[in-house]
Structures are given as C-alpha cells and as structure tokens.
Amino acid sequence: FSCSSSGVKPAVATGLVGTVQQQDIMKWNGWGYADSKFFFNKKGQGEFTGKRYRLSGLILPSLKDWFEGTFGANLQHKSPPSLNTSAVAPPSLNEAFVEELKSTGIPFSHDTEDRVFRAHGHCLHEIFSLRDGRVGRCPDMVVWPNCHNDVVKIVELACKHSVCLIPYGGGTSVSSALECPPEETRSIVSLDTSQMNRILWIDEKNLTAHVEAGIIGQDLERLLNESGYCTGHEPDSMEFSSLGGWVATRASGMKKNIYGNIEDLVVHIKMVTPRGVIEKSCQGPRMSTGPDIHHFILGSEGTLGVVTEVTLKIRPIPEYQKYGSVVFPNFQQGVACLREVAKQRCAPASIRLMDNEQFQFGHALKPQVSSIFTSFLDGLKKFYITKFKGFDPHHLCVATLLFEGDREKVLQHEKLVYDIAAKFGGLAAGEDNGQRGYMLTFVIAYLRDLGMEYYVIGESFETSVPWDRWVLDLCRNVKERIVRECKEKGVQFPPLSTCRVTQTYDAGACVYFYFAFNYRGLSDPVHVYEQVEHAAREEILANGGSLSHHHGVGKLRKEWMQETISSVGLGMLKSVKDYLDPNNIFGNRNLL
Amino acid sequence: RCLAPGALPRRTDPVLKKRDDFEDILEERRNSSDLRYAFKCYTPVLYRGLTPCKAATLKSMVLQSEQLLHVINQVSAESGESTDVVKDEAAAILEEMAHRLQLRTIRFFAYTLSKAFKALYRSVCVNEEGIQRLQQAMQEHPVVLLPSHRSYMDFLMMSYILYTYDLSLPVIAAGMDFLGMKFVGEMLRMSGAFFIRRSFGGDQLYWAVFSEYVKTMLRKGYAPIEFFLEGTRSRTCKSLTPKLGLLNIVMEPFFKGEVFDVNLVPVSMSYERVLEESLYARELLGVPKPKESTSGLLKARKILSEDYGSMHVYFSPPVSVRSLAQGRINRSQFNLTPRHVAQKPSEETQAFVNDVAYRIVRLQQENMVVKPWVLVATLLLQSVEGMELTELMEQTSWLRDLARMFGAFLDWPDHTPCSMVVSSSISLHRNLACVSGSRISLVVEGPQGPETPEEALFNRAVSVLSCASYRNQVLHVFLRPALLAMALSNANSSRKEDIYSCFDFLRNVFSDEFILSPGASVQDFDEACHLLVKCGAVELLHQDVVMAESGRTFFYPSSLKCYEVLSSDLQKNALNALIRLNVVRRVRT
C-alpha cells in the first residue's frame, strides 16, 4: 500500500509518428521500445531503463525477491538469446507484381530486417523463436501505402498477379494472426498501414472524426487532444496498436464503460476488398438496413480486406480524472462488489479487480521508498488493514478504479462506488495503488522479456463470462487446471497462475489470466506452454467462458470456432469470405 | 493403475493387479481402552477452502438456494398454493431428511461399536494405503464414498473406520425405513445419516430439496458423501446393477463447473460371514423382510455371541470424475441455461453416468476379498448331496489356482496346508456345512418333530440359497469366461463372429443378473478369450475360437439348480430378460 508516486504517465506521451523505419526505435525480438526494459543490476535489484515511463530509471527493490520466490528462478541462471538472424530464407518475389508496383510509386522493401519485423506478433512462441534466432516463413516483401487509393491499387495488383496480402497495423497481435501460413506458395506481401496515419477531418457538430486506419492509438489520442477531443478508446496495447487493427479484431478499451468498445465507437468504415470497396452511403447513427455490414468487417482479422478509413465518435476531453482503489478481504467479496456496481450501472470509466497473486505482483514493482516517513506510513497502512481490519494478506485483493468527467460528478460518482464497496467489506486504499495498477498493464509485457532471460516464460489470455459462472468457478477452475497441467507436463516449479477482472457488463465480465512458469529442465518449454494454454482454453470453454473477449481468434484459437459459433455460423462467415475474396488474396488464414 | 478412459489397455491381465496390504484395526482396540478411544482427540483434515458450518446453517443455505426457490415458484404456480405454503412444505421435507451430525453421538458409537465389533469379528482389516489416498483426496476435492452393500453393518463400519483414522465423517444417504426405529433412527441421524424416501417418482419438490441438499454439501466440501450405488443390500451377495439417481446428483456440480473435480472412492466391504445370511435366504424365498424396529434390533443381540470371522474393507484409489469425463462430456452444453434451472441430462450424459456407475461397481467387485469358504461353497453346490472330503480338497485347490489365475483377490493363508484351510472355514460355517465321516454335506435345519414336505423343501432351499450367497461372491471372477464357455457350446460354428454374437446375446440375457457394463461387450469378449486361453481351455486359431483338448474339464454340463429358481431375485431378473428379449410383454403395470 504504497503512497509513493510511480506509474505510467496517463497516456504515453513520447511516442512515434509512424515512419518507414518504425522498427528503429522498437525491439525486434521483444515487446515495445528498444530503450525500455527491465533488468537486474549488479546488486541484484530490479531496474527499468529509458525515459518513457514513470517507472523508467527507478529501482525496484522487491522485484528480485518476488521473482525468485514466485518462480523458483535464480538470477545466476540466465538464458541469453542468440542473435542469429541469418536463418531467414531469401524472399520469393512475384516479379510482375513488383514491376507494376514500382510504376505506382508506392514504397516497398524486401530487406530482411523489414520482413522479419512484420513476420510475427507477440505470442510467446513467436518471441521465443525470435530470441532463439529461429524465424519461420516471412513475408517476401513489405509495402507502405500512403492512402486509401494506394491500397486500392495494391489490392488490384495482388489480385491480378495472385499475390498473398497480409495487412499489418501495429504488430501487437497475440493470436498468431500475423504468422505467415507456411504452406503458402504465392509470394506474401505485408501491407503495412503505418503511413496512413492522418486525421482527415473532425466534425464538431456531430462529434465525429474521420481517420486513416493506420494511425497508432497514442498518436490518435494525442492529435485529437490537441483539438480538445479524445476517442476514449484505450486498449492496453494503445502505445503500439492501430485503429485498423482495433476494427479488425473487435478491440476493447479500458474505459469502455464511458466510451464503449470499438463497435460502439465506429460510425463508418471503408474497406478495400478483392471484390471492391465496401462502405455505407451515410453516417446515420443507427440503421435498420438488414444485418449491419460493419459487423462482417469488425473482427474479420484481415481475411476480407484492408480497413483504410474509419469515422469514429469523439468526446471532449474530460475535465477531471481520478484514480482510486479498494481493498477487499477476498476475491469473492470483490467480485460481488463489481457485480453490484454493474447491476446499478454505475461503473466508473474503468474498474478492475486483481486477485491476490496479482496484488502481490503489483507490490513487487514498488519503487524504492524515498523517505523514512513514507515507509513508516506504508507500514502503518499495512498494519491497519491486516491487523486492525483482520484482512489476510494471502487472500485480500484490490480493485483499481478510474473516474472521468466533470469534477463534481466524479466526486459524487466516487462516493457512490465507495459506498457500494463498503457493503462488501471494501476499504478505500488510495489513488496511488489505483494508478500503479494501471501502470502494470503497460509494463507487464516488458516483464515477460525479463523473465525470458531467466528461464521464465509466460503469457496472458482472456475471456468473457456470465456473472453467475465465474467467481469461485471459472477463475478457480482455470487457475487450478493450469497448475495441474504444468505438474503433469513436468514443469518443476509451481507456475504463476493469476487472474483479474478487467471489464464489467450488465450480463457478465471480462477476465484476464496471466500464466508464467520457470522452464528449467524442460526440453521443449514452448510446446509445454502451448499444451497448458490449450488446456486452459478448454477449461474456459467448458466453464461457460467465451473463446475471446478482445484478443481475437487468429490461428491460435481457430480450432474452437466451429464449436463456438456452430457449423452453420461458420458456413455463413465462409460464404462471405468466398464472395469477397474467392482467390484468398487475403490469405493469412485467420479465423476460418 | 490409471483410471482415465482410453488409458486402460484393451486387455488387462487381472493377475497383474497390485493390491495394498491390510492392517487389522481391531488389534489396537483389543489392547487399549475403548473409552479413551471414544474420547480421543478427533481433528480430521478438511477440504481446503472449507469454512466449516453447522448442520442448521446448511439447511438454511439449501432453503435459500436459487435452485430450490426456482422450483418452489414453479410448484406454487402449478398448484395454485402460495409460495409460503410450498416453502413450508420444502422446509418440512428438509427437516425430515437432514442429518444432525454431532461428535457426541459419534463418540457414543465409537465406544459401543468397538465392543460389538470385537465380539462379532476376529479382525477388521483395512488397507491403510487406501486410507492415505483418501485423506489426500479429501483435502483436494469433494469426495463421494461408494461402498458395496451387503449388510446393515456397512455404514456403521464405514463411519467407524473413518473415525479411527481421523478422517472427516461422511454424511450417509439412508432409507426412510430406519426412521421407523424409535431412538435408533435419530441416533443414526446424529451420526451423519440423512433419510430419503424409497420412491418419490414425480414429486418435483421432494427431488429439488433432496438434490439441492446433497449438492450443497458437496459444493461446500462440507463432508464426504456416502451412498450405496446398489441402492439396497444385496440379498444374494452378488453386486446389484447400479442405481443412477444420486450419482447423477453428485456429478452435476462438476458438469456445471461449480467444483473443479469430484472424486469417487469405491469401497469394497467383504464379510467372511454376513450377519443377515439366513434372513436373506428367507427373504428371497418370499418371507417378508422383518420391519426395522428397535425391539427387533434388541432381539438380534444374540448374534453377539456368534463368530463372524474376519472382515475386509478395501478403499480403492479415488476415481476422478474429471478425467473420466475427459473427451466424453462436453461441459459447455450446460452453459446455455442458468445453473439454477434443472436440466434433464442429455443422452450423452446419462450414458456417461451409467458407464461410471458400472465402472465403480466393477471396481468394488475387483477388490472384494474372496475367502476360502467361498470356493468350498461353490464346489459344495455342484454336488448338493454331499461329496468326499478328499475330493473337495483336491477340487478346492484346483479352483483356488484357477481363481488366482483369473485375478480373484483371494485371502488364502500362506504356508498352510489346503486341508487345514478348508476345515477351518467349514468349522466357521458349521451352520451351513457339516462333515460326517469322510463326507461333507449341506446342513439343513429342520424342526425337532416331523416336518411337512413343504417345510422340508423350504428348509433345504434356505440352505442352498445361503450357501449360494457365498458362491456368488466369486462369480464376477468367472463370469466372462463362463459366458464364453456357454457361447462356445451354443454357437453354430467356431467362427469368432458367431461365438461373439452368441456371447453378446448371453450378456444381454444376463445383464440384470450380473454387472456387465453396457457397451463393453468387445472388451469383455477379449478378456474372456484371454483368460480361457491362458488356462488352456480354448485356442484362438485364425478366425476361430475352439475348445482345447485339455480344456474339457472346464465345460461341465451342470445340473439345473432347481432350488435357486425359487429365489425371487432370480425370477425377477429372468422375467426382465424375457421382457427385454421381447419374448413376453407386460400387459398391465
């Protein structure tokens, strides 16, 4: 219960405006910016490098103990990456396509580095292979269209010369969606949308903005902020993910309680398909014109075409923002509280509930305390909660809150939520704990890279589930299944298996699982990891959870699609694909 | 042994079964104070995450459960009664049903049963490894204890053993008949029994209260739940075909994801002499079952002066419902209805529950201890008129070897000559067999004075059926080979398909009489072939199964056991088989 300040700046400010050489400032075999990473210094203390995050440059004294204690890992045992990239097969180019493309003047490249950078997302197996210097099938070239018309030209040429196109936005996929199908014999072209990153217009009367789909989340937010607006769409990947990617995967933002998920935010979409351009003729806020064609596009995962332009709802920047947190004696109580909040439809912009393991994890990322006074205050708080209030430190869990709006309403709202929390035994635990909770979101992917240097691998996955099924049920069963599967598969140390509730809805919630283990002694750790994740997904489905809440299906979860949407449903989607793209130009083989 | 489906090799060699060793729990009772034992410090390990609650709290949890409230509203809407009236009804049902487990009563039983058991039995042997496995399982998952049911002693013994080993005491599903016994019924209730009506077919409310009560205890890990799959005591000492109602109920929380797993623990309880031995024979012959009453119990105390030999209790390794269901049950089928709405189980689910039930009963059978007397009784029944002792010895030792080869769990003392083993078991069962001169024959009790021919017949039938109840204890070992032997002599040709179809037909005919898992026909056939080949009775040629030269002795033409035809159990099963085969048809129900 620190009250020292830390955490990430509200939206990460020092970002990038897409350049052709985007990869220059980003890691090619890990998460995020090349200058930002965790490491253990000579004294064995954790540190976070760079200047981009609030945590940057700080020392994290408890990280080592948590890391060693949780995973049985040892700082003496390093598993350094081998940086051999010469294994990349030379590109197989479709000369006729290349020739015609040249005449259009659209920039392209078949440089190895460019190709490798766009050959993967951020699934564990993808990053793990890269660290091992193993690269599978890569795109044979990369093109950078500059606008909608460029995309039209590229798609036409691709159809004409039978080239496979794989749209690439921010590259943050965690569903193997960017993996090139190894069986693909045609030349594969990665269509990088990063140059299509302009806000084309803002309509203040209707509160909409028309934006090119390649824009990266943080840039969109920053540019809109300059005009006094925001979309309020903040997925955890917003530093790197693109608008087009959000549409293609049905993304969900942290503050969806106020702003809605991507499907609520979208007013109009333009998409280029092999059959032609698809868009609606007006921007009416709702239509009864048969099934909504937007819903064929939302979640199509790059299998139907390229989203080029999107009209989004925008909102004035909120006057006031306030973080908060509540400690509950146990997870059940916390869930009961979230359920009540959802029932009364008074959820703040964001409300999340971490389980005990994650609470402890959050603790491990507390920076060095700056004064004796803060450390004394921390001790006092801890004493109050555990001794005076009788909370068991091994059961208590924390909800983090984010309120937005005008000041007065936020304060009222805050009181309402804290009152509900009190009914479930919740104690207000301060703004800092709340803020640190949200910071975790941004740095956790960096932490995975740290783990990989010490034989620890991990991943997150998510689901959505009705209220009645998941408290002591879905969460417990999935966590237990993970622990058991690990044991059965020969993992020698108990895994970290933890979850949190990240979104609440009228009829259910979104649950996020983190799972990591120490793989020393395993000959094929990634395979073991995949088996366990597979088992966990089966468990989720058996317990009434969905296949995905917002990560999408990609190729990773494709095998469950039929079971999930019925074979008739799958047939419907296939017939749409067959009509729009009979020659499978958009051949990433996601989803279907 | 791995119990996961599919992991079982197609043909298991029963001889390779490894079983645990036994410890006699009465030994310590004979050497130390029963009173101290009854007042010992009892601190069982509990299901992790359990918040202990009182029996009364449990009741109110059930009455306030969504499941029950849902049914109450339904019943009230259908009957026009107000919900309060229906609620009161539900509360009354629960009041009648619920147990009131309390340690005081347990301690009382611990004391009195110690005295009784020491008087009745020479030893009560328990496999301690089984106890350890059980203890482990109890911490991790809700546990369901599924003992075989041969005697009223079964559940007293179960609770006694669990108390002895400091394990959580079970709550036991018992028939309502016990409540007829003044005082005793309530004592049983206070030692963990809960009472259910024998039949409540259409009573929706009763079913809802009952199933919610059981499920609440299971979900909370309140206590292990114990019931008898066979539904009632087997009067013949053969395992009865399992009843599925309660098994369905205890598996549902797993199907619906309310618990991670449920562990089923088959318990085999074998008696060297069953207390109710001659009562059962009479019942089978149509003498009504004496009503459970306290005075009856007091009259029965003369049995305390008799020697009932030893008793074996074998706790099989816990069977995980989760691993059994893997690949068989798609749990997501339960996701489309709110959990509190009862769903009729799908065919898939019913078939699964049925398979599990059969599997458990077979596990009970497998670990049932077979006493030498069982073999003697088997042979004696082949020649009801009596036989030469030397011949009996010879045949017993042959049958012993064969039974061993077929995987029977035989309790045959080492380094003791066969003749001594046989004569000591005859002396324990002197009420059934007697030796005069060099011959041994069945004992037939008769009145002092002259008896009518009907009485003579009846008394002879009692002896035969009593004796048969011992022979029946080994039948499961020989069942499959015997069906194959019959098929071999009845089939039209020696072609494997013909013999198999004959075998399959016989399985169907005998499916009430014996435990023959539906759908395991091929597996059973393979097992039977394997065993008969192993003992040299048949040979497998290419596409044929033929009797081996040395195998003639296995194919005795057996004389019809007319006395056994008098058994109401056999008659009922035969009738069912005829109905199933469409030979006869029910005209009025």
Of all DSSP beta bridges in the protein assembly as shown, antiparallel share, percent nearest 5: 75
Exposure proxy ranking, count of Cβ atoms within 10 Å, fewest first, for B:LYS18, A:LYS389, A:LYS256: B:LYS18, A:LYS389, A:LYS256
Relative exposure of B:TRP207, B:TRP373, judged by other C-beta atoms within 10 Å (fewest first): B:TRP207, B:TRP373
Relative contact order, percent, chain B [alpha-carbon distance under 8 Å, six or more residues apart]: 16
Filtered trypsin sites (Lys or Arg not before Pro), segment A:30-71: DSSP coil and at most 15 other beta carbons within 10 Å: A:LYS42, A:LYS43, A:LYS51
DSSP bridge pairs, chain B: antiparallel proportion in percent, nearest 5: 55
Karplus-derived HN-Hα couplings along segment A:169-183 (A = 6.51, B = -1.76, C = 1.60, θ = phi - 60°), whole Hz, x at Gly and Pro: x, x, x, 9, 4, 10, 9, 6, 5, 8, 4, 7, x, x, 7
Residue pairs, from the table A:LYS64/A:LYS479; A:LYS255/A:LYS343; B:LYS18/B:LYS534; A:LYS256/A:LYS381, whose Cα atoms sit over 29 Å apart: A:LYS256/A:LYS381
Selection from A:PRO61, A:GLY554, A:ILE269 lying farthest towards where the dipole of chain A points positive, charges on Cβ: A:PRO61
Order of A:TRP31, A:TRP246 - criterion: other Cβ atoms within 10 Å of each residue's Cβ, fewest first: A:TRP31, A:TRP246
Virtual spin-label span in nm between B:GLU454 and B:GLU388, 7 Å along Cα→Cβ: 4.1
Where labels lie 7 Å past Cα in the beta-carbon direction, separation of B:LYS289 and B:ARG585 in nm: 3.3
Shape of chain B, Cα gyration tensor, a/c cut at 1.5: prolate
Size of charge dipole - chain A - debye, nearest 20, with Cβ of Lys, Arg +1 and Asp, Glu -1, no other charges: 1300
Cα centroid separation, segment A:448-503 to segment A:162-207 (Å): 30
Calculated diffusion of the protein assembly as shown, Stokes-Einstein form, Kirkwood radius summed over Cα pairs, 25 °C and 0.890 mPa s, µm²/s: 70
Under 17 Å from the Cα of B:LYS182 - lysines, other chains or at least 8 residues apart: B:LYS291, B:LYS299
Folded to 0 to 90 degrees: helix B:83-97 orientation relative to chain B principal axis, Cα: 40
Positive-end extreme of charge dipole, the protein assembly as shown - chosen from A:PHE361, B:CYS418, A:HIS527 (charges on Cβ): B:CYS418
10 Å Cβ neighbours from other chains, averaged over peptide A:459-468: 1
Cleavage-rule hits, trypsin sites (Lys or Arg not before Pro), segment B:381-469, DSSP coil, Cβ neighbours within 10 Å at most 15: B:ARG430
Cα centroid separation - segment A:513-560 against segment B:132-147, whole Å: 30
At least 15 Å along the helix axis (C-alpha) and Kyte average at least 1.6, DSSP helices within chain A: none
Lys, Arg +1 and Asp, Glu -1 on Cβ, resulting dipole of the protein assembly as shown about Cα centre, debye, nearest 20: 2120
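Every number in this text was worked out from the coordinates using simple rules, so none of it is lab data. Just so it is clear, the structure is predicted and the values come from calculations on it, not from any experiment. Here Cβ is always computed from backbone atoms with ideal geometry, including for glycine, and neighbour counts include all displayed protein chains.
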